[in-house]
Structure formats: structure tokens, C-alpha cells
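One structure is given here, and the rest of the page talks about it.
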Amino acid sequence: MKIITITINGKEIKLEKAVTVLEAARSAGIKIPTLCYHEQLERYGGCRLCLVEVEKMPRLQTACTLMVTDGMVVRTETEQIADVRRGILEFLLINHPLDCPYCDKAGECDLQDLVERYGPAKGRFKEKKRKVKESLADSAIVRNMERCIMCTRCVRMCEGKQGASAIAVIDRGGHSHIEPFSGGKFDCEYCGNCVSVCPVGAIMSRLHRHSYRPWQVKEQHETVCPYCGVGCTVVAQVRDDVIMRVIPKLGSAVNNGMLCSRGRFGYEFVGSKDRLTVPLIRKNGMLTEATWEEAITLVAKKLSDIKVTFSSQAIAGISSLRCTNEDNYVFQKFMRAAVGTNNIDTTARTGFAGAQGFIENIFGQGATANIISGLANSDTVLVIGGDPTTVNPILGLQIRACARRNGNVLTIGNVEGLRNFNPSKLLPKLQTEVTLLEGIVTALREKKGLPGSNAALEAKIKDITISADEVTRKTGVAETEFLTFVDLLADAATFSLVIGKDIVQSSGGSYKLLLLSAINYLANGRIYLLSERANEQGALDMGCAPDILPGYRPVAYPEFRKKCENVWHTELSDKPGLNLFEMVDAAEQGRLKAVYVMGENPLCNIPDSGRVETAFKKLDFLVVQDIFLTETAKLANVVLPALSWAEKDGTFTNMERRIQRVRKAVHREGMDDWKIIAEISKNMGYNMDYKGAEDVFHEAAKVSPLLRGLTYEDIENGDNIYPYKGEPLRDAMEEIQADRSARSVKSGTLYLKIERPLFHSGTMSTKAPALINIYPEAVARIGAGTAQALSLTEGDVVRVKTKTGSLALFVAIEKNDDNLSVKISNNFEGKSAFRLTDCNLDPVTKAPCLDGIEITIEKVTA
Amino acid sequence: MFNETSIKEIEEIRTKYPNSRAALLPVLYVAQREFGWLSPEAYEAVADLLNVPKATARGVGTFYAMYKQKPMGRHLIQLCTNVSCMILGAEKLVDFLKSKYGIEPGGMSPDGRFSLVIMECIGACGTAPAMLVNDNFYENLDKKNLEEILGKYQ
Amino acid sequence: MEAALLKNIDNPNAADILEYKKIGGYKGLAKALEMEPQQIIDEVKRAGLRGRGGAGFPVAMKWTFASADPKFPKYLLCNADEGEPGTFKDRPLLEKNPHMLIEGMAISGHALKAEYGYIYLRGEYPAAKHILNKAIKQAYDNNLLGENILGKGITFHLAVHQGAGAYICGEETALIESLEGDKGQPRIKPPFPVNIGVFSKPTVVNNVETLSNLPYIMEIGGEAYAKIGTPDCPGPKIFCVSGHVEKPGVYELPMGTKLRDIIYTHCGGIKGGKKLKAVIPGGISTPVLPPDKIDCPMDFVNMPKHGSMLGSGAVIVMDESVCLVKVCHRALKFFEHESCGKCTPCREGTGWLRAILGRIEEGHGAEGDIDLLLSVAGNMMGKTFCPLGDGAACVVQNFIKHFRPEFEEHIKAKKCTVTG
Ligand SMILES: Cc1cc2nc3c(=O)[nH]c(=O)nc-3n(C[C@H](O)[C@H](O)[C@H](O)COP(=O)(O)O)c2cc1C
Ligand code: SF4
Ligand code: FES
């Protein structure tokens, strides 16, 4: 490798590879002013601020676009250059409103800073300035396009990085301006990444409009986004103990400067006036305010009584995929050591837990823990079972990036978020996915042969034979399309498979997972299992499951229990506890007397939630510890106010199994979840003394082989992905079982589909005003054809009914829908799609099957 | 949505290019012909057909002067007023169109018969002043022959 | 000199393949198909052919770069965007002699081993589109385009891509963007189109007139061709003359013909015997010349020495009746309208210059406005992304340089005082 030597302002710089003059200068600490340049975006060279002199080149050159060559001599700060920059700034200011006193950007505005440095405009422009009104069409974003300097950073971000292409430069020349399609409302993914890159005050977040000046922000806390399993790094900027805004960080490992709508605009739930502030105790049927002492003693006493009267097994706990590892660790320890039962589970049971267990059983533990950014570098990505761009938006971006790099993106089913990227897609008829997948397995096996490295898996798939012809006949997928699809899979050198919940939560789900595992095996790929909640992985890792201890150690094994017993100083039950669904059954049948819910809303998040409600109403004692008075909390005997993600320290583990620090950004009266549990535990006679979250982590690192020896210091930078110093992960263990019984469907019937909206994921997002303004409530999405047949128009109210339940919802009409299904948005309290579904479980993964549910629609006349 | 002839034409256009995006300009022409101008619906139809984001399609469409962003009269007068035409009297023709037919540059005659667009050089400088009416060139214009020519377009 | 490019132009059926064949059409292609690609490039090099689009870049050199790039497929694009005001030289070639262009492109395609060609035709030439499409179809039907041309195993596909009214699309990288379905905004160079051009493949962009020269070069050979015109800029050149001359129109003359001769000998002098006031020699972006500077040989090398440029060979002649402030203002309106908006100085500067000029023309000019014009133009010159912005600045600078008193008079009198 030849070293390139260049001279900038007399300083010699040696470079190992060709970079731009600007990058070379920056690496040597030489600042060249820029406006249109942004390190995340494609080179542009439009603003002309970075013009520099280069010897032997007659014209001035833009440092942001010019690549260095050996021996190049550059000057960046001559008198001539300063004049040029002044001239450019004057051009930028002639149409600029110069409303800095009113502008929220003042203080962190690149234009302001540059004018400050190079001198004021001389005011030689006598003509009328361009006028554009401030746009408040959107709830999350405010636009003052009069201030726009046409650097096009927002457009390049929106098109080239986010892939939403919601905005564009309209017109040309001096009339150029940036607009969304409608001219008014953005109507986009509201990622706000345009906000991040706008160097002036043209596009800004509306959430903190006119509420503070950037220099008044004294505190910045780097933490992890509370929303989904991707675990983006976010920085919470705080003033007077209030989060003023949440921004991404350039260079962070997971999201490198990008955020999604929830991450950026969803933080306001923290300061919501609906937050619970004091404990509530049900007295005479009414939830009444109480002191902490009252509440804690009452809970401790009630649980102890039930334990004595009925047994430990009459008590169950549901912990939280939104709470930290520390909270979850303490919670399961409390259930096991203080209450004495393995009746502990989470809503990860509704899909993620079972699917991950299934895949790990085939490929070994950690099989689904793959680096998210690896997707962009794959040459082939197959997506099935959901839209990654809404469930895990930042992961979705990596798939878009793969497409942009000319990778092959394949989908089974429609993936709306990838539409502009022209994926190769197969659209099998309803309930024929199994045949399609079997066909793919057959074809791949015939093309590539069995690799011979996984005998157990091969035994299961060696006899599957579905010809291309049969695939076409049964699934309706054209043979040529099928064959091209298979060719692309077979030719993949670096293959990734992305599996969404719709596959896991379907009849025959375990068999489909087996087939997908086989495809992954034959194509030598890696699996990404989408995860909707920020600490879904962590809660499982912490042992919040009825059959495993921290670190996935089965409770049934004495040596694993021993390890915990030694640290916890008590004896543990060897009997696996009730899982989430068994808890509901047991409550319904009166076997379960008390349930302790920490940071979860089972009435909204467990399928057939009507039944969950009935069952929970039969309990003798229900404790709900949460930040809001959820549907479930409203049924509780005791409600304990918890601290939110922004108010506590701890860790989250994302879907890559990256352990990251959650850092306290603001203060609030109250206790961490783990602390509340520890207090109750103490009152029940089992002492848990932790000085802080770090102390809890420290103990968890002692019992869990996954965290062995880890400290907060080790994970400070967010680059720890386990196994870290841990023992080797276990290999495939049990015999592979799968269930292929799929529900049948008939024509002329509508079926329910669950929409997992980009903007909402439950309690937190629905308490975030910006997100609620974007997507105010649950809707029934129906295809244009269906709508026409039922003479429905957008905004009509309909009653949707299934065998299990019914909901009144607004109609939203989809122009490209299939007209075979009705999509009901998930995650809205009181209107949860789970009200409409039954809860039949896949016998292997124990995930509920939510497909094949007939649904009817009736217009409600006002 | 496009009618069948247009869909056929678009399919044929697409065969000329290695990807569908490259067909955007010619397809916008088809849309303009069919919708009369590039209305939001026209952009959406084009975007859907070519899998191009609709905002991008509109961004591209508005860049080019010959795509119309508002409804047009039945006949389109494209009159050049660039230097060669100007020094030979094109401006007088603009005034004439205004006084005689009530058409402002960039506007439409009140009866919807003509729209007028001022052009930057249409390559007829040797026979200036010149204009296009719809797809036809007319050169060496003066008020008299202008009136005659326009008479042919009702 | 016998016309080579405008040959047969008065024949109303010239665009028909049979008429074209009658005058020896497609013989050059037949000859070229017998040659190795490199031999054709060598022949063009011997001819010394320079691009006729405005910059005068040596054609053989561009072809050599593209042909050396290992990537395939390669593309040949014909620049038929002819947008430079005053220019109407490509239009007769497109409308009357389309087969000469098609033949030229097929020859060039073979030389470049390019299998695909597009003619990027400006939207303002609807008639040319139909004529070209018809001619292309005839050529396909006669096995002069498509696969296995004339049975020689060579493939060359050709299609017309219509622009939609954007001068900047004449700039080759903007043209490529536009062909790819994007806004016509210039790209960063390097990489140059010869390496990464349309659809990321090696691409050669040549002007209509340039490519139309190929059959002639094939016919008479590079050496003979090089003897026409001036040694540095050989060959015939089409000049298009407009404005106040007795006989405006297109003239095919040897490169290096003197501007004065074009105006006075070929075009019959100033209309109505009036006095010459100013000439723009190569399209509106080239520096205007006063009457005492028109003894310059019109070619790419000599014109810069005489303070202007050959550009597209579009001569605009203005007599004493013309107000130059008005012309300058109109020119800036053009630049403002055509600025693509990508770079700051051009996007903001063209409008500003236009506004000041408008003010002066309407009689609201202020003292100091001329210096302001020069200062703003100076802030643009050499700082824009592409030459369009330079062109705008250059117009203002040169009008003031040669005709400053007229601007001053305008400001002082608060109106136009030009008569004549
Ligand atoms: C602003 C601008 C406009 C141009 N317009 C045209 C044009 O209309 N026609 C043309 O052939 N070349 C035009 N050019 C030159 C082209 O960029 C390019 O040099 C030319 O097509 C190359 O062909 P040639 O080598 O055969 O001349 C323009 C250049 C610039 C910078
Ligand atoms: S000089 Fe700049 S704004 Fe003007 S046309 Fe070129 S790139 Fe576009
Ligand atoms: S930063 Fe280089 S041109 Fe804008």
C-alpha cells in the first residue's frame, strides 16, 4: 500500500488511502467550513463553501469532493479564500430572513457560525426576499423553509439513507425549494433524520419549539432507546430536569446517527401528566392513594398469606420487556427465592422466546444474535413474516442499504416498507406458505446438496420434495418467478434471513421455522429474529421464563440451580413454572390466586385479551407496577408507580445481544422497579440489599454464564456482544420437533391481519403526543376492493367481529391491498387487535397462532 | 390511472431502458398527455407504475420546464423571446397576445383556448421570431401571420 | 467548399433512407465495419476531429479513454440538446439528415465497442423526434442498426430519449442524470463519463454535428479531412447566424473562417445597411465582441486569443438599434431560468444579476450598480459547480467591459436612450 503524502497549509499529511481533501484536512485537525457536506451523506459539492486553492489546478476546488493525490499542495485559509467564502455567504443570505432571534437553531446554526467567522453580509441586496410561511402542518416537525439554504442534506438523507423519499427538491434554480409530495404535510415515516442533518433552522423538531436555547442545555445523557429490540444509542438533552430533545449520535455502533420516529419523537411520555405518582390501593372497590409503606406492607402481607394458605404455586409474576436487565433479574429472583415459584414469564412468550428457542435448538445458542449492520453487507436478504422497517426500523434501513448496494432483497409477502426498493417478491395464496417454503427447500437442496454439518436438521429435511410445478399449482406463484427466486437464494454468498412475528404467530409456525432454518442452513446464512421490545432479549437472558434460570440454564438441572442457590442463599424449586398462557388458564380456573405484573399490560398484549380480563378479574390479588394506569392496572388491588427508562440506570440487551447501558437522564421521586421488588421482598422476609443497579448487575454476572465477570465498565462503550468471557454457549440439545398443522381458509371470507404500526408499540408511544398526533388511533385497514364491495369510505366507523370479540374502528383504505384480509392495528389500549384473536398455541414454540381468523365488517351508522 | 393505450406505450418505453427509473421522463410525457397536466394524481400514477417514490417523481417533473404543473388551455403557444427573437420583435408579439387574446405569459386565455409559455430559444433563431403551437413550428412571425396561424387553432 | 454535412439539405425527402443512400449514405458504415475499432479511432485521430458541442475536445482522445475502460456495456450518447441561445445548427441535421447522424453513431458505436446508443433530443424539437424515430426504424429494417449489422456480427441499438426543457441537460453529466430519469443536475467529476457514465457504465457523449462528421471522415479519410479548416481545428463547421444580417441561416464553412467574412461575405452584411453594434460569436454564453474585434478566425483555438470563444458557432449579430442593457438583461433572465439550482453562486447569483440589470433597464439603476454587477459576477466566476454559472458571469463582465458607457448612460438618464 502506497502512502499518499499531501500538504495542507504547509502541514504534511500522510494518508493510507485516497480520501477527500476535506477528510484529509479533518484528520489533521484543519477545519474547512462546509454546509452541504455531511459525513453520513453522499458527496454533493453544491454549497461551494469549502473551496480551496490547489497548486497546479487553475480553478478553486471543493475540498469535499476532490480526492487527494500524492504530492498535492492545498491552501485553505488564504485571503482570497476568505473573500470567496464571504461572497458565498452573501449569496446564501440574500434570501435568508435573518430571523435569528426568533429561530430555535440560533446557537447551533452552521450558517450563523460561519457568518460570525467570515463577517457580516454587506446588505447590498436591495430586491425583495423570497417569502415562505412557517409550516405547522406536522405535529413532530416544523418547517421554516425561508431559512433553507438548499444544501439538500435533508433530501439526500431522506432518499439516500432513510430511503423514505418523502421530500424532494421541487422546481429548479432560484425557485428550488424542498417539499414533501403534498406540499404541506410530510406524511412520511417521521424518522426526523432530516431534522438531524439540517444545518440551519429550516427543518426542526416541533416538540421543543421555542422552549429553550441550545446553549441552555447543560446536560446530555447517552443512553439506549426504550422502544424496540434494535437498541439504538440516543442522547437525551436535558434542561431543568426535563428532556428537551432526544437525538442520535454519529458513530454509535447500532444506529450511527440515525433514529426512527419512536426513538426521536416518542420521549414525551416521560413527562406526561398521566404518569402514576403515588401508590394506589383498592379500597371499597376504588383505587385510592396510599403511602409507599402502606402499599409495600400490604403487598408483602397478601403474597405471604396466599403462599401460606394456598402455596407458592398460586402466585405468578409477569415481568417486563421494557424494564432493564437489573429489574428483570431482581424480579425473577424475587419470584423464585422470596415467593418460591418458577411461575414467571413475559410476553416474549407470544413469539420471540419460542422462536428463538426453536432456532437455537437447531443451530446452537446465539444463533439469532447477529450484527444488524451486517444486513447491509449481505449480498442477499430474505424477509418473511412482517415489515422490518416498521417493527425494527433501524434494522429495516440496513435492508434498504443492502438493496441500494445492489444486493438482492427477496420477500415472501408484501413488505410495504421495501416497496421503493423493488424487491423480488413471491406472493403465495393465503395459507400456502408451507408449500412454498417446502418447494424452496427442495430446490435449494437439489441445487446445492446437503452440507453435512447438521445431521439432526438434515434428517428432518432430506425427504421433503415439492416440485416447482406443485408450488405453482398450490401457491399460485408463477414458476418462472419461483425459479428466479430460488436461483438468487442459491447464488447467495452472504445470505441473511429476517423473520418477523407473522410467521412465528401462525398455524404450523414451528414447521415454517424448521423450513426457514433449513433454507438458512442450505444458503449458509444468518438469522435475524425481529424483536418488538427494547429488552425482550434481556428479560429472557435474565431468566424471566418458567423453565430457565439466568443465562438460559434449565431449572430442571441441579447443577444450574446449585449455582443460583449458592448466591441467593435459598433452595429453588426444580419444577418448571406456569408460562404466560398457563397463568391465564390457571387464573381462569381459580388455581392461581395472585399475579404480580411489573411493567406489562397483559390485557392489551396477550391474545384473546377478553379472556385475560375475565381471568384476571377472578384473582384474589393483582399487583401492577407501572408508569401509567394501564387497562391491567385498573383491575389491580395495588398499583405501584415505577420509574421510567429515563429515570433509572441499568442495562438493556438488544437483539444482537449487545449489552448496553441505560443511563439516568432526569430525576423523579420514586423507586426503580428492582428497588420496589427488593423492598417487598425484604418485607416478606427475604433480604435483597443492593446499593444500586450496578450492584444488581454485578450479582447477575456471577450467576449468569452469559454475563460472566462483566462490569459496567466493560460495557461502557456499547461494544459488548456476548458471549463475552462466558462459557461456550450450549449446542443444539433436544430432538427437533415441529408441527405442520395449518389452518385452512375458504374463499369469500376476510381474514384478520395484525398491523404493527411504525409509530406505536404500546403504552409509552400512545402517551407520546407527537406520535399520537401522527397516528391517533387504531384503525381497520381494508383493501379498496373490499371497501367498494361494502360501500365503505375512508373514515367510516365499522364494527369488526371475530368469534372471539368485536371492536368499533375507523376505516382506512389501502390502495394496494389484497382484499382478502383486514388489518387491525396493534398496540392501542382498549382497541388491541388481540381482543379479536383467540389464543391457540403452536405445540412446539408455544406461540399463539393468529392466522386464519375470520373477520366480518359492518358499517356503524352514526 | 392510465388507459390501456398508454399502458401499452409505457411498456414499450420501458423496453428501451435497462431499468424502470430511466423511463421516468418519457412516462411523464405520457401522463401529461393523458391527464392534460401533471396533477398530483398523474404523479402518483407514474410513481406507482415505475416504483419511483412519488415525491421524487414530482421533484423530477418540476425540474423540467416542459412538464406542466397546472391545467393548460386547449392549445399551447410556446413563444421564444430569447435574444435573437427579441431583437427581431418577439416582445411586441407578447404584447399582442395579451391585448388581442388576453393571454399573459405563463397564463391561459379566459376562454381556455390558449396557454402561453415564454421559451428560451427554440432553435429557430435564423427565422426569428418563432414559436411552437402544440408540436408545430412557426417562424418569421409578425402580428399579421401570428393572428392567421392562431386562427387555425380553435 | 462542397457541403459535407448539409449535403442534400434542400431535397424535401432528404430524411428518407433511399434518398440518403442515393448520395452515398451508409457507405462509411460499411467501410467502418471492415475495420477494427482501434483503426477507426486512429482515423478519427488523424482527422483531428474536435467536438462541436462547444468545448472542442478532441474526439479520438475521449474515445480512447472510454474504450480503454474494461467495463461493459458501453454507451454512446448523442447530445442533441442544442440549448445554447442562438444555436440552430443541429436542428437541420436532425430534421433533414437524420441518417447521417445514425450512420455516424453506428460507426462510433463500433469504434467504441458500444452496443447501446441514445440520442438525447431536446423537448423543444418535437418534429425531429418523429423524423428520427422513423429514420431509426428504417435503419433497423435495413439491418443498419440492431444485431449483426450488415452481417458483420456487430450490434448497435439506438433510441431517442426526449428531454423536457432544461438547457443544463446539454452539459454531459446533467444529460446523463436526465437520461437516468433524474433531474438534470451536473455530477461531480471525476469520475468522468468515459469511466462511470450512464447506468454507471463507460459512456461517450458527443454532439450531433460531431457524430455527423463520421461518415464523411470514413469517406474521404482522416488525412484529407485534416486538410480542411485550420491545422488545430480541422474540418467543416456549421455556423448559424441570426439577428440583423441580410441572410440569416446555417452555413457550412471551413473551420477558422473569419467572423467578419461570415457576417459580410456569406450573410450579406448588416440588414438594411445599418451599423454593426455588437456580435455574440458562439452562443449567448460566449463573450460579446464590439465591431472592431471581428477579424478573428472562428475556431476553438483562435477565438480565445481574440477575447471570445467559438462555442457552438452561433453568431448573433446586433445593429445599432439594439439596447445592450436590454440584451444583457434578457441573457441573464435566460441564465436565471436555466440555473439548475445545485450550487449557491449560480442559483443565487443569476437571479441577483438579473434583478440589478432589470432595475437598470427600467430606469431605476443607482450609482454603484455597475460595480455591484461586476462584484457579484466576480463572486460567481470560477466558483460555480459547472460552466453555466461562469457563462452568466462572463456575459455581464463582457457586456460591461465593452459597453460600459451605455450602462452608465442608462443609469444616468434613467431610461434607454438608444435610437437607430
Ligand atoms: C451548460 C452547458 C451546456 C451545454 N449544452 C450543450 C448542448 O446543448 N449541446 C452539446 O452538444 N453540448 C453542450 N455542452 C457541452 C457538453 O457538455 C459536451 O461537452 C458535449 O456534448 C461533448 O460533445 P462534443 O465533444 O462532441 O462537443 C454544454 C456544456 C455546458 C457546460
Ligand atoms: S453553475 Fe451550479 S447551479 Fe448553475 S447550472 Fe451549474 S451546477 Fe447548476
Ligand atoms: S461542503 Fe463542499 S461544496 Fe458544500
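The values are calculated or read from the model by the stated rules, or taken from the named source; none is laboratory data. Bear in mind the structure is a predicted one, so any value in this text is a computation, not a measurement. Methodologically, a virtual Cβ is constructed for each residue, glycine included, from the backbone with ideal geometry; neighbour enumeration extends over all protein chains shown.
Residues being among the small types (Gly, Ala, Ser) and within 11 Å of another protein chain (Cβ to nearest Cβ): count how many of those fall in the range C:313-324.
Number of matching residues: 2.
What is the residue count in the range B:128-154 for residues that are surrounded by fewer than 19 Cβ atoms within 10 Å (Cβ to Cβ), within 12 Å of chain C (Cβ to nearest Cβ) and not aliphatic (A, V, I, L, M)? Step through it out loud before you land on a result.
Step one: filter the range B:128-154 for residues surrounded by fewer than 19 Cβ atoms within 10 Å (Cβ to Cβ), giving B:133-136, B:139-140, B:142-145, B:147-149, B:151-154.
From the residues that got through so far, the ones that are within 12 Å of chain C (Cβ to nearest Cβ) too are B:133-136, B:139-140.
Of the ones still in play, those that are also not aliphatic (A, V, I, L, M) are B:134-136, B:139-140.
Counting residues in the range B:128-154 that are surrounded by fewer than 19 Cβ atoms within 10 Å (Cβ to Cβ), within 12 Å of chain C (Cβ to nearest Cβ) and not aliphatic (A, V, I, L, M) gives 5.
As a summary of the residue check, B:Ser99 satisfies the conditions (1) within 25 Å of B:Ile122 (Cβ to Cβ); (2) within 14 Å of chain A (Cβ to nearest Cβ); (3) in a helix (DSSP H, G or I) except for the one numbered (2). As a summary of the residue check, A:Arg591 satisfies the conditions (1) buried (at least 24 other Cβ atoms within 10 Å of the Cβ); (2) assigned to a loop (DSSP other than H, G, I, E, B); (3) not aliphatic (A, V, I, L, M) except for the one numbered (1).
Assuming A:Glu108 fulfils every condition listed in (1) closer than 30 Å to A:Lys218 by Cα; (2) not hydrophobic (A, V, I, L, M, F, W, C); (3) not assigned by TED's automatic domain parsing to the domain that holds A:Ala202 apart from one, which condition is it? Of the numbered conditions (1) closer than 30 Å to A:Lys218 by Cα; (2) not hydrophobic (A, V, I, L, M, F, W, C); (3) not assigned by TED's automatic domain parsing to the domain that holds A:Ala202, the odd one out for A:Glu108 is (3). Considering the range C:175-199, the residues that are facing chain B (nearest Cβ under 10 Å) and not in a loop (DSSP other than H, G, I, E, B) include one that is farthest from ligand 2 (Cβ to nearest atom), namely C:Phe199.
Being over 20 Å from the mean Cα position of the chain (by Cα), within 24 Å of A:Lys501 (Cα to Cα) and not hydroxyl-bearing (Ser, Thr, Tyr) is true for just one of A:Ala812, A:Ala784. Which residue is that?
Details: A:Ala784 fails: within 24 Å of A:Lys501 (Cα to Cα).
Of the residues listed, the single one that is over 20 Å from the mean Cα position of the chain (by Cα), within 24 Å of A:Lys501 (Cα to Cα) and not hydroxyl-bearing (Ser, Thr, Tyr) is A:Ala812.
Considering only the range A:410-418, I want to know if a residue exists there that is closer than 28 Å to B:Ala47 by Cβ, among the aliphatic types (A, V, I, L, M) and touching a residue at least 60 places away in the same chain (Cβ under 8 Å). It would help to see each step written out before you state the result.
To start, the set of residues in the range A:410-418 that are closer than 28 Å to B:Ala47 by Cβ comprises A:410-418.
Still in the list and also among the aliphatic types (A, V, I, L, M): A:410, A:412, A:415, A:418.
Subsequent filtering for residues that are touching a residue at least 60 places away in the same chain (Cβ under 8 Å) retains A:410.
Checking the range A:410-418: at least one residue is closer than 28 Å to B:Ala47 by Cβ, among the aliphatic types (A, V, I, L, M) and touching a residue at least 60 places away in the same chain (Cβ under 8 Å).
Considering the range A:175-192, the residues that are touching a strand residue (DSSP E or B) at 6+ places or on another chain (Cβ under 8 Å) and away from every other protein chain (no Cβ under 14 Å) include one that is farthest from A:Thr390 (Cα to Cα), namely A:Gly192. Considering C:Ala164, C:Ala159, C:Ala114, the condition of being closer than 21 Å to C:Ala66 by Cβ, more than 16 Å from ligand 3 (Cβ to nearest atom) and assigned to a loop (DSSP other than H, G, I, E, B) is satisfied by C:Ala114 alone. So which residues in the range B:106-125 are out of contact with any Pro (no Cβ under 8 Å at 6 or more places or on another chain), in a loop (DSSP other than H, G, I, E, B), in contact (Cβ under 8 Å) with a residue 24 or more places away in the chain and buried (at least 19 other Cβ atoms within 10 Å of the Cβ), if there are any at all? Within the range B:106-125, B:Ser109, B:Ile122, B:Ala124 meet the criteria.
For A:Asn144, the conditions (1) within 14 Å of chain B (Cβ to nearest Cβ); (2) in contact with a Ser or Thr (Cβ under 9 Å, 6 or more places away or on another chain) all hold with the exception of (1). From the list B:Lys16, B:Lys100, B:Lys54, B:Lys8, the lone residue that is surrounded by fewer than 17 Cβ atoms within 10 Å (Cβ to Cβ) and within 19 Å of C:Gly181 (Cβ to Cβ) is B:Lys16.
Could you please let me know if C:Thr87 is under 27 Å from C:Ile168 (Cα atoms) and without any contact (Cβ under 8 Å) to a residue 24 or more places away in the chain? So that I can check it myself, show each step before the final result.
Working: under 27 Å from C:Ile168 (Cα atoms): yes; without any contact (Cβ under 8 Å) to a residue 24 or more places away in the chain: no.
Spelling it out, it is not the case that C:Thr87 is under 27 Å from C:Ile168 (Cα atoms) and without any contact (Cβ under 8 Å) to a residue 24 or more places away in the chain.
Selection of strands (runs of 3 or more DSSP E) fully inside the range A:8-103 by the criterion of at least 1 residues being within 14 Å of another protein chain (Cβ to nearest Cβ) and away from ligand 3 (no atom under 13 Å from the Cβ) returns A:51-54.
Taken over the range A:79-100, the residue count meeting the criterion of being more than 46 Å from the chain's Cα centre (by Cα) and acidic (Asp, Glu) is 2.
May I ask you to say which residue of A:Thr34, A:Thr76, A:Thr69, A:Thr65 is modelled with pLDDT of 95 or more and surrounded by fewer than 15 Cβ atoms within 10 Å (Cβ to Cβ)? Step by step, each of A:Thr34, A:Thr76, A:Thr69, A:Thr65 is checked, and only A:Thr69 is modelled with pLDDT of 95 or more and surrounded by fewer than 15 Cβ atoms within 10 Å (Cβ to Cβ).
Of the numbered conditions (1) buried (at least 20 other Cβ atoms within 10 Å of the Cβ); (2) free of Cβ contacts under 8 Å to residues at least 40 places away in the same chain; (3) farther than 30 Å from C:Gly268 by Cα; (4) not polar (S, T, N, Q), C:Cys343 satisfies every one except a single condition; which is it? Going through the list (1) buried (at least 20 other Cβ atoms within 10 Å of the Cβ); (2) free of Cβ contacts under 8 Å to residues at least 40 places away in the same chain; (3) farther than 30 Å from C:Gly268 by Cα; (4) not polar (S, T, N, Q), C:Cys343 breaks only (2). Looking at this structure, is A:Ala633 outside any helix (DSSP H, G or I), surrounded by 18 or more Cβ atoms within 10 Å (Cβ to Cβ) and of a type in the set (Gly, Ala, Ser)? When the stated conditions are applied, A:Ala633 does not pass them.
Only residues that are in a loop (DSSP other than H, G, I, E, B), within 9 Å of ligand 2 (Cβ to nearest atom), among the hydrophobic types (A, V, I, L, M, F, W, C) and facing another protein chain (nearest Cβ under 9 Å) were counted across the range C:348-390, and they come to 1. Hey, does the range C:147-165 have a residue that's farther than 24 Å from C:Phe199 by Cα and of a type in the set (A, V, I, L, M)? Within the range C:147-165, one or more residues are farther than 24 Å from C:Phe199 by Cα and of a type in the set (A, V, I, L, M). Those helices (runs of 4 or more DSSP H) of the range A:449-516 in which at least 1 residues are under 30 Å from A:Thr389 (Cα atoms), considering only elements entirely within it, cover A:468-475, A:479-491, A:501-504. Pairs meeting the criteria (first residue in the range A:34-47 and touching a residue at least 12 places away in the same chain (Cβ under 8 Å) and small (Gly, Ala, Ser), second residue assigned to a loop (DSSP other than H, G, I, E, B) and more than 16 Å from ligand 1 (Cβ to nearest atom), beta carbons under 7 Å, at least 6 apart or on different chains) are A:Gly45/A:Cys64; A:Gly45/A:Thr65; A:Gly46/A:Cys36; A:Gly46/A:Cys151; A:Gly46/A:Thr152. Name the residue that is nearest to ligand 3 (Cβ to nearest atom), counting only residues in the range C:373-401 that are surrounded by fewer than 19 Cβ atoms within 10 Å (Cβ to Cβ) and over 25 Å from C:Pro186 (Cα atoms). Ranking the candidates gives C:Ser375 first.
Collect the residues in the range C:296-344 that are outside any loop (DSSP other than H, G, I, E, B) and either on the phi > 0 side of the Ramachandran plot or within 16 Å of ligand 3 (Cβ to nearest atom) (or both), keeping them in residue-number order. Spell out the reasoning first.
The initial filter retains those residues of the range C:296-344 that are outside any loop (DSSP other than H, G, I, E, B), namely C:297, C:302-305, C:314-319, C:324-338, C:344.
Residue satisfying the conditions is C:Thr344 alone.
Of the residues C:Gly28, C:Gly54, only one is more than 14 Å from chain B (Cβ to nearest Cβ), within 16 Å of ligand 2 (Cβ to nearest atom) and either crowded, with 18+ Cβ neighbours inside 10 Å or basic (Lys, Arg) (or both); which? Break it down into steps so the answer makes sense when it comes.
Numbers: C:Gly28 fails: within 16 Å of ligand 2 (Cβ to nearest atom).
Step by step, each of C:Gly28, C:Gly54 is checked, and only C:Gly54 is more than 14 Å from chain B (Cβ to nearest Cβ), within 16 Å of ligand 2 (Cβ to nearest atom) and either crowded, with 18+ Cβ neighbours inside 10 Å or basic (Lys, Arg) (or both).
The set of residues from the range C:137-157 being in contact (Cβ under 8 Å) with a residue 24 or more places away in the chain and either buried (at least 24 other Cβ atoms within 10 Å of the Cβ) or more than 13 Å from every other protein chain (Cβ to nearest Cβ) (or both) comprises C:Gln138, C:Ala139, C:Asn142, C:Leu144, C:Leu145, C:Ile149, C:Leu150, C:Lys152, C:Ile154, C:Thr155, C:Phe156. Looking across the range A:642-663, the residues that are among the basic types (Lys, Arg) and under 20 Å from A:Gln365 (Cβ atoms) come down to A:Arg657, A:Arg658.
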